[in-house]
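Let me begin by presenting the structure, written as structure tokens, before commenting on it.
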Amino acid sequence: MAIKTEEMVLNMGPQHPSTHGVLRLELVLEGEIIINVIPHIGYLHRCFEKHCEVMTYPQIVPYTDRMDYLAPMGNEFGYAIAMEKLLGLQIPERVEYIRVIMAELQRISSHLVALGTYGADIGAFTPFLYCFRDREKILSLFEITCGARLLYNYIWIGGLSHDLHPDFVRKTREFIKEFRPNLKEVNDLLSHNRIFIDRTANVGILPIDTAINYGVTGPNLRASGIKWDVRKEDPYSIYHKFDYEIPVGEGTYGTVGDSWDRYYVRVLEMEESCKIIEQALEQIPEGDVQSAIPKRIKPPVGHVYARVENPRGDLGYFIISDGSTSPYRVKVRAPSFVSMQILNELCKGYMVADVVTILGSIDIVLGEIDR
Amino acid sequence: MKNAEEILQILKENFPESNLELKTDQPTEAVLIAASLEIDKLSLFLRDSSELLFDSLMNLSGVDELKESLLSVYYHLESTSLKHKITIKVSTDRNKPEIPTVSEVWKAADWHEREAYDLFGIIFLNHPDLRRILMPYDWDAGYPLRKDYENPEFYQGMKVPY
């Protein structure tokens, strides 16, 4: 006699440690096998875009911090670039250098959280502590620069809120010197650990065409084997002055574009960020960081779309100005919002436990999904 | 790599009956104005034509143009192989805002369109799953990013202005 089976619906979240925030996944299961994953988002919706319409342009900067709260420097950077493009502002060289240093430090700190929590999701708790130890040092560098450890309000339209602390360059060099051996330690502990590889290799494979069609960007796209990075493809700021590589997924332990590749691309990117920071620290010129900040910001009528390579991918700002002191419309193309759509495609046919693996490897931040 | 003018020429040749127009008076990038009901056909051509190959939809955003009584959608497209970009704008009547979906062409549009529906009330025809996305599913007080939106007094018996 055949056993009668039926589909089961399982709710994962909104309060679940592996959802990295407040996210509900509706899992449609056949036994242990995933048939469909339906994400329900919006639990952190704070009406960012509506708020923008009643604030002046400089007032928006602290709000951008609160989208991707693991990479506020990147969010501010993107907003500043969009506004400067709309205003046609030229900004001092020193400001550009400091922005790049901050954005790259932020990339390292953000990837450290991604890797640490990914390990913790899968059951390796120790690398989490190693990663957070190093992240604390970066946060201390931000603290001596602008006084805040998490949400900085540092990169303003046309300039910065503070110049560098006199100790900053020395301390950053020290950090990079300490950090490189630590990275190797994390690699030994987690990346090449047999148990970790068994959980992640060949799980959630993302083919390149699907990735592009779904608009996936950043490390998730590069893990599928394409060298696509906004810093190289659509250069902004002064990234053309530095010498660095764009790591891509190679399918070392499985197939190109699997969860392990998405994880390992981030590890390699941290090393490249270190290279950029070292070069920038060598070349940084003197100057006034506030000389180009406009007294009153009233952009011409029109619209602008500008994007930057944030730790989670291509962060775009679409701003429409009606000629007044506050924007008519601000739309943020949040990388996690777009990457999140791929989840259903990746999870189909895998086990419930793999949902955690795949979700962690996409590295989402709900703050920017819900805005 | 093609600029906006060349892209317009290619489109005009292939869609002779369409009313396409390039607005270049912007301080930054030019914007291509297209008819709202043709956007799905146009998109498919933009993606598949060997000269254009717009394989990636970077962004899709709804805009409320209250003064003109229009709801508009901006599409930001990019070709990852040919490296060119284009911005397309379509507008629809505010009282009957209907635009064909492009989520069949670029899967990335799915959630962006749901968001535009949720916050502006733009109906994307033939969309596979047009539900609210950021607001609660039972939100019945309208579309928050419209310029004439007003907060409701109560939501589910809870007072809204606090």
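The values are calculated or read from the model by the stated rules, or taken from the named source; none is laboratory data. The model shown is predicted, which means the values in this text are computed figures rather than measured ones. We place every Cβ from the backbone using ideal geometry, glycine too, and count neighbours over all the protein chains shown. In case anyone asks, the SASA skips ligands and DNA or RNA and just uses the protein heavy atoms, side chains included. Shrake-Rupley method; radii C 1.70, N 1.55, O 1.52, S 1.80 Å.
Could you tell me what fraction of 2.2 N^0.38 Å the Cα radius of gyration of segment A:1-58 comes to, as a two-decimal ratio?
1.81
Using a cut-off of 10 Å between beta-carbons, work out the net charge of the residues near A:Lys137 (Lys and Arg +1, Asp and Glu -1, A:Lys137 not included). Each step should come with its number before you reach the end.
Numbers: positive: A:Arg133, A:Arg135, A:Lys171; negative: A:Asp134, A:Glu136, A:Glu174, A:Glu178.
That sum, taken over residues with Cβ under 10 Å, equals -1.
Peptides B:6-14, A:155-163: what's the order by average Cβ count within 10 Å, highest mean first? Working shown, then result.
On the way: B:6-14: 15.2, A:155-163: 21.3.
Highest-to-lowest ranking by the protection proxy: A:155-163, B:6-14.
What accessible area per residue comes out for chain B, rounded to a whole number of Å², with a 1.4 Å probe? Show your work: numbers first, answer last.
On the way: 7640 Å² over 162 residues.
Here the residues of chain B average 47 Å² of exposed surface.
At 20 °C and 1.002 mPa s, what whole-number value in µm²/s does Stokes-Einstein give for the translational diffusion of the protein assembly as shown, with Rh from the Kirkwood sum over Cα pairs?
On the way: Rh = 24.1 Å.
Diffusion coefficient, whole number: 89 µm²/s.
Calculate the length of the line joining the C-alpha centroid of segment A:230-279 to that of segment A:15-52, in whole Å.
With segment A:230-279 and segment A:15-52 each reduced to a Cα centre, they are spaced 28 Å.
Please report, to two decimal places, log10 I(q)/I(0) for segment B:20-162 at q = 0.13 Å⁻¹ as given by the Debye formula with identical point scatterers on the Cα atoms and no solvent.
Evaluating at q = 0.13 Å⁻¹ gives log10 I(q)/I(0) of -0.61.
Let's test the formula: R0 of 41 Å, r as the Cβ-Cβ distance of B:Lys67 and B:Asn14. What FRET efficiency results, to the nearest 0.05?
On the way: r = 33 Å, r/R0 = 0.82.
Given R0 = 41 Å and the Cβ-Cβ separation, E is 0.75.
Taking each residue in B:104-112, count the Cβ atoms of any other chain within 10 Å of its Cβ, then average. What number comes out?
Working: counts 0, 1, 4, 10, 12, 5, 4, 9, 6.
Mean number of neighbouring Cβ atoms from other chains: 6.
Taking a ≥ b ≥ c as the square roots of the Cα gyration tensor eigenvalues, with a/c under 1.5 meaning rounded and otherwise prolate when a/b beats b/c, else oblate, which class fits segment A:116-191? Don't skip to the end; give the middle numbers.
Values: a/c = 3.34, a/b = 1.88, b/c = 1.77.
In terms of gyration-tensor shape, prolate.
Enter the mean number of other protein chain beta carbons within 10 Å of the beta carbon of each residue in B:127-136, as an integer. All intermediate terms of the calculation are to be shown ahead of the outcome.
On the way: counts 0, 0, 1, 0, 1, 1, 8, 12, 3, 3.
Per residue, the average neighbour count from other chains is 3.
Using a 1.4 Å probe on the protein heavy atoms only, what accessible surface does A:Tyr244 show? Give it in Å² to the nearest 10.
We get 10 Å² for A:Tyr244.
Summing Lys, Arg as +1 and Asp, Glu as -1, what charge do residues with Cβ under 11 Å from the Cβ of A:Glu233 carry, A:Glu233 excluded? Don't skip to the answer; put the middle values down first.
Working: positive: A:Lys227, A:Arg231, A:Lys232, A:Arg307, B:Lys83, B:Lys85; negative: A:Asp229, A:Asp234, A:Glu309, A:Asp314, B:Glu78.
Around A:Glu233, the charge tally is +1.
Exceeding 25 Å between C-alpha atoms, which entries from my cross-link table qualify? They are A:Lys241/B:Lys83; A:Lys171/A:Lys232; A:Lys331/B:Lys107. Present the calculation step by step, with values, prior to reporting the outcome.
Numbers: A:Lys241/B:Lys83 21 Å; A:Lys171/A:Lys232 28 Å; A:Lys331/B:Lys107 19 Å.
Cα-Cα > 25 Å for A:Lys171/A:Lys232; rest within.
Which value does Rg/Rh take for segment A:162-254 over its C-alpha atoms, Rh per Kirkwood? Don't jump to the answer; show the numbers that get you there.
Numbers: Rg = 17.6 Å, Rh = 16.5 Å.
Result for segment A:162-254 is an Rg/Rh of 1.07.
Rounded to a whole number, what % of the accessible area of segment A:1-109 do carbon and sulfur atoms account for, probe 1.4 Å? Spell out each step's value before the answer.
Details: 2580 of 4510 Å².
Carbon and sulfur atoms account for 57 percent of the accessible area of segment A:1-109.
Sorting check: for A:252-260, A:295-303, A:131-139, which peptide has the highest mean count of neighbouring beta carbons within 10 Å, and how do the rest follow? Write out the running numbers ahead of the final one.
Working: A:252-260: 21.3, A:295-303: 15.1, A:131-139: 17.7.
Highest to lowest by the protection proxy: A:252-260, A:131-139, A:295-303.
Run down the lysines and flag those whose C-alpha is under 19 Å from the C-alpha of B:Lys12, throwing out any fewer than 8 positions away in its chain.
Result set, ordered by chain and number: B:Lys2, B:Lys23, B:Lys41, B:Lys85, B:Lys89.
Using a 1.4 angstrom probe and counting only protein chains, how large is the accessible area of A:His40 in Å², to 10?
Near enough 10 Å² of accessible area.
Taking the C-alpha atoms of segment A:298-359, how large are the radius of gyration and the largest Cα-Cα span, Dmax, in Å?
17.6, 54
How big is segment A:217-371 by Rg and Dmax over its Cα atoms, in Å?
Over segment A:217-371's Cα set, Rg and Dmax evaluate to 18.9, 57 Å.
Can you compute log10 of I(q)/I(0) for segment A:1-142 with the Debye formula, treating each Cα as one identical point scatterer, at q = 0.12 Å⁻¹?
Cα-only, vacuum Debye calculation for segment A:1-142: -0.73.
Show me you know the interface measure: the accessible area buried between B and A, both chains summed, probe 1.4 Å, in Å² to the nearest 100. The partial results should precede the final answer.
Numbers: alone 9430 and 15260 Å², together 21170 Å².
For chain B against chain A, roughly 3500 Å² becomes buried.
Work out which residues of segment B:34-66 lose at minimum 50 square angstrom of accessible surface when the other protein chains are put back, relative to the chain isolated, with a 1.4 angstrom probe, and list them by number.
By number: B:Met58, B:Asn59.
Just to be sure I understand the model, the point goes 7 Å from the Cα along the line to the Cβ. What's the resulting A:Glu345 to A:Ser324 distance in nm?
4.0 nm
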